[in-house]
Structures are given as structure tokens and as C-alpha cells.
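All of the numbers you see were taken from the coordinates with simple rules; none came from a lab. Keep in mind that this is a model prediction, so the values were computed, not measured. When we count neighbours, we look across all protein chains shown, and the Cβ atoms used for this are built from the backbone with ideal geometry, even at glycine.
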Amino acid sequence: MTEQSEPTATERLADQQEVIVTVGGMILWAVALVVLVLFFRHDLQRHHATWWYWTCGYGLVLGAYGVRFSIRRRR
């Protein structure tokens with residue numbers, strides 16, 4: 001059996017950055033969703049491109065899973 005050593009400062013920083021980057025991505029997806037709903041709703045409906053709402057929603061859901069995965073992986 002191999003023994004696990006204490007993570008170095010660089011490894012701990014990388015773990016924190018994973019969560020920060022993932023949350024940052026989620027914020028960008030949320031901003032995109034709000035912009036689409038507020039400013040481009042009628043254009044998207046007229047061109048039958050409302051799937052962009054779902055794309056933003058899936059980005060948020062996958063980001064939430066990524067945050068959960070990153071936090072649980074540290075334990």
C-alpha cells in the first residue's frame with residue numbers, strides 16, 4: 001500500500017483554483033442567460049433558436065456538478 005503524503009501548497013492552490021474557475025464559468029453562463037432573456041428574447045423566438053436558453057441552463061447545471069465534484073474530490 002502506498003501512503004498518501006500531505007498536499008503541497010501548490011496542490012492546495014490548484015484545488016482552490018478549480019472551484020474558482022468553475023464558479024467563474026457558472027457566472028458567465030448566468031450572465032449569458034440573463035442577456036439572452038432581457039435583450040434577445042424576441043429575436044431568438046422569431047428565428048426558432050430558443051435552444052440557447054437550454055444551453056445556458058445546461059452550462060449552469062454542469063458547472064454546479066463541477067463544483068460539487070471538485071469539492072468532494074479534495075476529501
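How high is the FRET efficiency between SER5 and ARG72 when r is their beta carbon distance and R₀ equals 22 Å, given to the nearest 0.05?
0.60
Using the Karplus equation 6.51 cos²θ - 1.76 cosθ + 1.60 (θ = phi - 60°), what ³J(HN,Hα) coupling, rounded to whole Hz, does each residue of segment 46-52 give in order, writing x for Gly and Pro?
Karplus-based 3J(HN,Hα) across segment 46-52 equals 5, 9, 6, 10, 6, 5, 4 Hz.
When only alpha-carbon atoms are used, what values of Rg and Dmax, in angstrom, describe the chain?
Cα only, the chain: 18.0, 62 Å (Rg, Dmax).
How many nm separate the modelled label positions at THR55 and PHE39, each set 7 Å beyond the Cα in the direction of the Cβ?
Taking the two extended label points, one gets 1.6 nm.
Which order do GLU6, GLU18 fall in if you start with the one that has the fewest other Cβ atoms within 10 Å?
GLU6, GLU18
For segment 23-35, in order, what is each residue's ³J(HN,Hα) by Karplus, 6.51 cos²θ - 1.76 cosθ + 1.60 with θ = phi - 60°, in whole Hz (x at glycine and Pro)?
5, x, x, 4, 5, 5, 5, 5, 4, 4, 5, 5, 4
Calculate, in nm to one decimal, what ALA14 and ALA32 gain on full extension: separation in residues at 0.36 nm each, minus their alpha carbon distance.
Full extension of this stretch gives 3.8 nm more.
Using only the Cα atoms of segment 33-75, each taken as one equal point scatterer with no solvent, compute I(q) by the Debye sum, divide by I(0), and report log10 of the ratio at q = 0.13, 0.17, 0.20 Å⁻¹.
At q = 0.13, 0.17, 0.20 Å⁻¹ the computed log10 ratios are -0.40, -0.54, -0.63.
Which one, TRP29, VAL67, ALA9, is farthest towards the positive end of the dipole of the chain when Lys and Arg carry +1 and Asp and Glu -1 on their Cβ?
With unit charges placed on the Cβ atoms, the residue in question is TRP29.
Where the centroid of each part is defined by its Cα atoms, how far is segment 39-58 from segment 4-29 in Å?
The distance from the Cα centre of segment 39-58 to that of segment 4-29 comes to 32 Å.
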